[in-house]
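K.L.:
Next up is a structure, given as structure tokens.
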Amino acid sequence: MSITYLGHSAFEIKTDKEKILIDPFLIKSPEYDYGGVTDIFVTHGHSDHLGSAIEISRKTGARITAVFELANYCATQGANANGINLGGWINYDWGRAIALPAFHSSSTPSGEYAGCPCGFIFEIAGNVIYHAGDTCLNSEMKIIGEIYRPDIAMLPIGGCYTMDIEHAVMASEWLGVSAVIPMHYNTFEAINVDITDFERQVREKGKIPLVLKIGQTLG
């Protein structure tokens, strides 16, 4: 299994047979080859997370998994969409995923209600990966850590629209992860941060900061 950072909150998770995208807003990876994508997970409807999901699904047949209302919207736009909601496992050929609470807002690009925002836990190839979506620090993360025991967390750190570095570091403690991948930072002026500050604070807690360059692959 490998994880590739595509910028902002977008990631590719790849197994021997599957190619999975999360929040494919590809402004930082315009040359990304989405051929062979099998699944797309979208945490909420804002354009910097829905991104190219509908277009990729139309062209490849990849299945979009999103909260029910957002999935319905994607389906009306010609995508192959699978509606879910918080708290239920969904099984896939590569493993399983569950949608969990995120504290944010969600609407379609045209301003329609898109259901609740979410994060995802992925159980894949013996790994437990948590993508928090857009969220503030919240006590649900303690429960996520207790029940799902993620190995790696992808956490927003840019502030303004989500939690900042300090709160992301606190989230990593509540989640009990050994490593943290930062996301949702340095894309726009409002979310610019000093990434070395993140690295320092994470290390001070005895955890590994996995700061991936755009296009860099882990694993």
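Where a number appears in this text, it was derived from the coordinates with a stated rule and is not lab data. Computed from a predicted model, the values in this text were never measured in an experiment. Every residue, glycine as well, gets a Cβ built from its backbone with ideal geometry; the counts of neighbours run over all protein chains shown.
K.L.:
Could you give the alpha-carbon Rg of segment 77-212 over 2.2 N^0.38 Å, rounded to two decimals?
P.N.:
This ratio for segment 77-212 stands at 1.07.
K.L.:
Assuming a strict under-20 Å limit between Cα atoms, what lysine pair count do you get for the chain once near-sequence pairs (fewer than 8 apart, same chain) are dropped?
P.N.:
Number of lysine pairs found: 10.
K.L.:
Mind telling me which of A190, A81, A132 comes out most flexible in a GNM of the chain, alpha-carbon contacts under 10 Å?
P.N.:
A190
K.L.:
Treating the beta-carbon of each Lys and Arg as +1 and of each Asp and Glu as -1, no other charges, what is the dipole magnitude of the chain about its Cα centre, to the nearest 20 debye?
P.N.:
Here the chain has a charge dipole of around 400 debye.
K.L.:
Going toward the positive end of the dipole of the chain, with +1 on Lys and Arg Cβ and -1 on Asp and Glu Cβ, which of M170, S57, G126 do you reach last?
P.N.:
Ranked along the dipole, the leading option is G126.
K.L.:
Could I have the simple spin-label model distance between D197 and E146, label points 7 Å from Cα toward Cβ, reported in nm to one decimal?
P.N.:
The modelled label-to-label distance comes out at 3.2 nm.
K.L.:
While we're here: If each DSSP helix of 4+ residues adds -39,500 (n - 2.57) and the sum is divided by the residues in the chain, what number results at 222 nm, nearest 500 deg cm²/dmol?
P.N.:
-6500 deg cm²/dmol
K.L.:
Another question about this same structure. Between beta-carbons, use under 12 Å as the cut-off and find the net charge around V42, counting Lys and Arg +1, Asp and Glu -1.
P.N.:
Net charge around V42: -4.
K.L.:
Amide H to amide H, which residues 5 or more places from G133 or on other chains are under 5 Å from it, using H placed in the peptide plane?
P.N.:
When sequence neighbours closer than 5 places are left aside, the close amide H contacts are F120.
K.L.:
Now a separate question. With loop defined by DSSP as not H, G, I, E or B, and exposure as at most 11 other Cβ atoms within 10 Å, which is the longest segment of the chain clear of exposed trypsin sites (Lys or Arg not before Pro)?
P.N.:
Answer from the scan: 18-212.
K.L.:
Treat each spin label as a single point 7 Å out from the Cα along the C-beta direction, and report the E112 to S47 distance in nm.
P.N.:
If labels sit at E112 and S47, their model points lie 1.7 nm apart.
K.L.:
Ok, one more. May I ask which residue of V67, G206, G36 lies farthest towards the positive end of the charge dipole of the chain, with charges of +1 (Lys, Arg) and -1 (Asp, Glu) on Cβ and the Cα centre as origin?
P.N.:
G36
K.L.:
Pick from S139, S107, S52: which residue has the top mean-square fluctuation in a GNM of the chain where Cα pairs under 10 Å get a spring?
P.N.:
It is S139.
K.L.:
Taking segment 1-141 on its own, what percent of its Cα-Cα pair distances exceed 23 Å?
P.N.:
When all Cα pairs of segment 1-141 are counted, 25 percent exceed 23 Å.
K.L.:
Given Cα pairs under 8 Å that are at least 6 residues apart, what percent is the relative contact order of segment 2-212?
P.N.:
13 percent
K.L.:
Another question, if that's okay. Taking θ = phi - 60°, what integer Hz values does the Karplus form 6.51 cos²θ - 1.76 cosθ + 1.60 yield along segment 181-198, in sequence order, with x for Gly and Pro?
P.N.:
With coefficients 6.51, -1.76 and 1.60, one gets 9, x, 8, 6, 8, 6, 8, 10, 4, 5, 10, 6, 9, 8, 5, 5, 5, 4 Hz.
K.L.:
Moving on to the next point. Count neighbours as other Cβ atoms within 10 Å of each site's Cβ, and list the chymotrypsin sites (Phe, Trp or Tyr not before Pro) in segment 124-215 that are DSSP loop with at most 15 such neighbours.
P.N.:
F188
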